[in-house]
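Bear in mind that the values in this text are calculations on the coordinates, not laboratory data. Quick caveat, the model's predicted, so the values are computed rather than measured. Cβ placement follows ideal geometry from the backbone for every residue including glycine, while neighbour counts extend to all protein chains displayed.
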Amino acid sequence: MPIGPAQVDVWPNNVILQHIDPLVCVAIFPDNDRILSLLEQPLLDAEAAFRAQDSEQGRWIGGGGAKIRDFGSWQCPTITLLNERVKEAFRRITGATTAHIDDVWANVSRKGEYIGPHGHRRTEVSAVYHLLPPEPGDREQFNGALGISDPRVQRCCPTKQGLVTSQVYPPLDPGTLVLFPSFVTHYVTPHMGDGHRISIAWNIDRNMIPGRPDDESLLPGQGG
């Protein structure tokens, strides 16, 4: 695909999907610097607009910072590339021949902001891409880290099946794509760095799902 003046492979040959648990996969893409250079400033502009609009309403610090909900509608080849990559990753890990993005958004977090534990009910797989993770020192302390804590994830239960005594923290390297079943409980620890943290998230299914992603009328199990 053309990204700026260069042609970029949707799935570079040297990128491998690896299981860090039977339910958690990761892949690291080597061209994140190029993607960041094209998306960082537009996302910071969108963050500023979000925070200006939301400033009078008050904002829960555990809500994940600025959520750029219209990210998927931006007419941008770089976003198209990321969408195609996450769909290809979905097909590779599920064996499905189809992939449909039910929802996609960007998170821009500032110091102290985090996301509480949650799961997603409509779709088969959720994915997170670390566009601009915390600085290396903060990563070592698991600050601003995507975490997984779920009794169905083996690595969370090292002493007894179904008993959560540990957490899974996938790699936080720039360009890392993390995929897991949407039902898995996940969260983001407080971002303690002075700069900004940017991630992109998707919910994906092999079927197109009726209604809106926030449609509460959809019964459990209808999401594939």
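What is the extension gain from Gln75 to Met208, computed as 0.36 nm multiplied by their sequence separation minus the C-alpha to C-alpha distance, in nm to one decimal? Walk me through the numbers on the way to the answer.
Numbers: separation 133, 0.36 × 133 = 47.88 nm, distance 2.11 nm.
Taking 0.36 nm per residue and subtracting the Cα distance, the gain is 45.8 nm.
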What residue among Asp173, Asp194, Asp138 has the largest mean-square fluctuation in a Gaussian network model of the chain, using Cα springs under 10 Å?
Asp194
So which lysines pass the test for Lys67, namely a Cα distance under 28 Å, with those fewer than 8 places away in the same chain ruled out?
Lys87, Lys111
Which of Thr80, Thr165, Thr123 moves most in a GNM of the chain, Cα contacts under 10 Å?
Thr165
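Under the rule of -39500 (n - 2.57) per DSSP H run of 4 or more residues, summed and divided by the residues of the chain, what mean residue ellipticity at 222 nm is obtained, to the nearest 500 deg cm²/dmol? It would help to have the intermediate numbers written out before the result.
Working: 3 runs with 46 residues, N = 224.
Per the formula, -7000 deg cm²/dmol.
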Take Lys111, project a point 7 Å from its Cα along the Cβ direction, then tell me which residues of the stretch 174-193 have their backbone nitrogen under 11 Å from it.
192-193
For a test of the definition: using alpha carbon positions, the gyration tensor, and the 1.5 limit on a/c, classify the stretch 20-205 as rounded, prolate or oblate.
oblate
Considering the options Trp74, Pro2, Tyr187, tell which one lies farthest towards the positive end of the dipole of the chain, charges being +1 on Lys and Arg and -1 on Asp and Glu at the Cβ, about the Cα centre.
Tyr187
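Distances longer than 16 Å among the Cα atoms of the stretch 168-216: what percent of all pairs is that?
Numbers: 683 of 1176 pairs.
Summing the P(r) of the stretch 168-216 above 16 Å gives 58 percent of all pairs.
For the ranges 181-188, 128-135, 153-160, 198-205, what's the packing order if you count other beta-carbon atoms within 10 Å of each residue, average per peptide, and put the highest first?
Values: 181-188: 19.8, 128-135: 22.1, 153-160: 15.0, 198-205: 23.8.
In decreasing order of mean packing, 181-188, 128-135, 153-160, 198-205 become 198-205, 128-135, 181-188, 153-160.
Could you calculate the contour length gain from Arg92 to Arg121, that is, 0.36 nm times the residue separation minus the distance between their Cα atoms, to one decimal place in nm? Don't jump to the answer; show the numbers that get you there.
Numbers: separation 29, 0.36 × 29 = 10.44 nm, distance 2.14 nm.
Going from the current span to full extension adds 8.3 nm.
Mean separation of Cα pairs under 8 Å and 6+ residues apart, divided by the residue count of the chain: what relative contact order is that in percent? All intermediate terms of the calculation are to be shown ahead of the outcome.
On the way: 453 pairs, mean separation 61.6, N = 224.
Answer for the chain is 27 percent.
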Taking the chain as a Gaussian network, Cα atoms linked when under 10 Å apart, which of Ser149, Ser109, Ser73 shows the biggest mean-square fluctuation?
Ser73
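Using Cβ counts within 10 Å as a stand-in for footprinting exposure, how do Leu43, Leu17, Leu36 rank, fewest first?
Fewest to most other Cβ atoms nearby, the residues stand as Leu17, Leu36, Leu43.
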